[in-house]
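Trainee: Handing you a structure now.
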Amino acid sequence: MGYNGRMEVFSKKAYLLIVIITCSLAFLLGTIKTIQNTHVRLASPPPYLPPPPPLPPSRKLPPPVSPLDTYKKTAVLEKPLILKGDEQLIIENTQYLAQDNITLRDNATLIIRNSFFEHRGLGKSVSLRAEGNSKVILENSLLTAPCDEMAYWQFSGSASFETNTVRPAANGCFPQQRFEEKASGEINSWSNVSVTLCDASSLNLKNSRNTIIDLCFSPLAIVRESFPITPTSVYAFPGSDDFRVDFKVTLTNVTVQHWGIHTAPKTDIALNDMHNLNVHVIAGKPWEKKSIILSDLRKKLYAQETILFSDAKLRLQNVTVNNWDLTATYNNKIDVQNSEIRNIFAKEEGVVAIENNSIVNNIETTDSSEITVTNATVLNSISSNQLSKITLTNSVFKAASTTDFFHVPSQTIRARDRSTITLTDTPLKGTVIQEHGGRVVVQ
């Protein structure tokens with residue numbers, strides 16, 4: 001073979017080698033790109049939820065609780081997510097950070113399985129809302145939210161919630177669960193869960209410890225009950241002596257840390273032989289422009305006492321009340337005297353006057369409402385929102401650090417949305433936050 005022949009063979013071999021190397025590099029780069037893509041699997045992906053990118057270093061999720069908890073993917077939700085129609089979102093084997101609200105409508109479904117799901121609102125409240133006939137399923141997962149931020153899951157309409165084996169993270173709290181209208185919950189193996197039931201909702205709770213159950217009664221409800229801490233068998237409420245109570249509670253192998261009741265106008269509630277009861281007195285509809293006076297409400301054992309809230313009645317016999325909460329709405333007014341209250345809310349033009357050496361952990365106003373504090377003490381946080389007012393006169397704000405209240409951080413005075421907080425002859429302590437036209441005035 002001549003020189004030209006040898007060169008032709010060499011050129012063909014070199015060309016073939018270049019082609020092989022080029023194809024190999026293209027395949028390798030495609031494989032690496034596929035491996036690096038991190039996403040949340042959607043059963044039917046909506047157009048407005050693109051695959052979330054990996055978390056940047058500044059927003060990495062906390063490490064798993066134990067070495068057994070490993071997750072293949074990470075995802076962050078930075079904008080509100082709405083699932084509607086028959087859309088379905090599946091979060092599986094994922095560390096998922098929700099920094100904004102999630103809403104389910106119609107027949108939408110959210111499934112969280114073998115994952116670490118965290119709410120972190122970065123200073124604002126975040127929530128999950130399920131409406132219509134939507135469904136949320138939570139299986140074998142970690143669930144957490146910061147203890148100083150308000151995070152809640154709310155179910156209304158005919159929405160349903162199913163859980164099996166929910167665990168807490170090493171640090172943090174669970175979102176609060178609230179069921180309204182005809183929503184239902186099937187919860188199994190979720191200790192430390194906090195649940196509120198209203199309207200005609202239902203809860204079937206099994207194999208759980210240290211739970212908190214709040215019952216918000218509708219007007220005209222009649223209750224004769226002793227809510228158990230540790231039921232010896234299956235416990236169901238309401239019973240044969242309870243009337244005009246539409247929600248249903250069934251407990252199987254459950255211990256209850258606290259029972260809570262929300263009173264309403266024209267209710268008649270008689271409780272006996274209970275401990276660690278939380279009572280939330282609500283001055284709302286059908287009352288309008290009604291004024292009620294509450295005095296000497298304290299954390300204590302009530303041997304035998306009847307407390308009247310206008311036409312509502314609460315009878316306590318051998319009952320220890322752990323906390324009192326108050327809410328005034330719809331132009332109704334509550335006058336609190338010489339009492340120890342955990343949280344006081346005024347909203348929708350409600351008015352609250354706190355007087356005569358009363359002690360309150362937290363106060364909050366919204367929707368053009370008003371709270372006045374005179375010769376009293378606020379321990380933890382003060383928050384005024386949406387054109388409302390709070391006035392403290394000759395009072396004390398201690399700015400103590402507690403975890404009873406989740407709307408604002410402890411030791412904080414916050415005015416926002418053109419609201420005003422005025423302190424007269426009241427020393428200013430803690431952190432002052434003024435947002436969106438809100439003002440804090442010291443005089």
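The values are calculated or read from the model by the stated rules, or taken from the named source; none is laboratory data. What you see is a predicted model; the values in this text were computed from it and never measured. Note that each Cβ is placed from the backbone with ideal geometry, even for glycine, and that neighbours are counted across all protein chains shown.
Trainee: Return yes when GLU225 is modelled with pLDDT of 95 or more, surrounded by fewer than 19 Cβ atoms within 10 Å (Cβ to Cβ) and not β-branched (Val, Ile, Thr) and no when it is not. First the steps, then the outcome.
Mentor: Details: modelled with pLDDT of 95 or more: yes; surrounded by fewer than 19 Cβ atoms within 10 Å (Cβ to Cβ): no; not β-branched (Val, Ile, Thr): yes.
Spelling it out, it is not the case that GLU225 is modelled with pLDDT of 95 or more, surrounded by fewer than 19 Cβ atoms within 10 Å (Cβ to Cβ) and not β-branched (Val, Ile, Thr).
Trainee: Are any residues in segment 236-251 surrounded by 15 or more Cβ atoms within 10 Å (Cβ to Cβ) and either modelled with pLDDT under 95 or not in a strand (DSSP E or B) (or both), and if so, which ones?
Mentor: Once the filter is applied, which keeps residues that are surrounded by 15 or more Cβ atoms within 10 Å (Cβ to Cβ) and either modelled with pLDDT under 95 or not in a strand (DSSP E or B) (or both), segment 236-251 yields PRO238, ASP242, ARG244, VAL245, ASP246, PHE247.
Trainee: Continuing with the same structure: Cβ-Cβ under 6 Å, sequence separation 6+ or interchain: first residue in segment 366-383 and within 15 Å of ARG414 (Cβ to Cβ), partner in a strand (DSSP E or B) and among the hydroxyl-bearing types (Ser, Thr, Tyr). Which pairs?
Mentor: Every condition considered, the pairs that remain are ILE371/THR365; SER381/THR412.
A quick yes/no check of all residues on (1) surrounded by fewer than 19 Cβ atoms within 10 Å (Cβ to Cβ); (2) touching a residue at least 40 places away in the same chain (Cβ under 8 Å):
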position	(1), (2)
VAL76	no, no
LYS79	yes, no
THR94	no, yes
LEU97	no, yes
ILE102	no, no
ASN107	yes, no
ILE112	no, no
ALA145	no, no
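Trainee: Condition test on LEU128, is it surrounded by 20 or more Cβ atoms within 10 Å (Cβ to Cβ), assigned to a strand (DSSP E or B), in contact (Cβ under 8 Å) with a residue 40 or more places away in the chain and of a type outside the set (Asp, Glu)? Break it down stepwise before answering.
Mentor: Working: surrounded by 20 or more Cβ atoms within 10 Å (Cβ to Cβ): yes; assigned to a strand (DSSP E or B): yes; in contact (Cβ under 8 Å) with a residue 40 or more places away in the chain: yes; of a type outside the set (Asp, Glu): yes.
Yes.
Trainee: Further, regarding this structure: Report those strands (runs of 3 or more DSSP E) wholly inside segment 330-383 carrying at least 2 residues which are hydrophobic (A, V, I, L, M, F, W, C), at pLDDT below 95 and in contact with a helix residue (DSSP H, G or I) (Cβ under 7 Å, 6 or more places away or on another chain).
Mentor: No strands (runs of 3 or more DSSP E) qualify here.
Trainee: Being of a type in the set (Ser, Thr, Tyr) and either within 20 Å of the chain's Cα centre (by Cα) or farther than 13 Å from LEU143 by Cα (or both) is the filter here; which residues of segment 89-125 pass it?
Mentor: Step one: of segment 89-125, the residues of a type in the set (Ser, Thr, Tyr) are 94, 96, 103, 109, 115, 125.
Correct list: TYR96, THR103, THR109, SER115, SER125.
Trainee: Going by the structure shown, is GLU186 farther than 23 Å from SER115 by Cα, modelled with pLDDT of 95 or more and among the charged types (D, E, K, R)?
Mentor: Numbers: farther than 23 Å from SER115 by Cα: no; modelled with pLDDT of 95 or more: yes; among the charged types (D, E, K, R): yes.
No, not satisfied.
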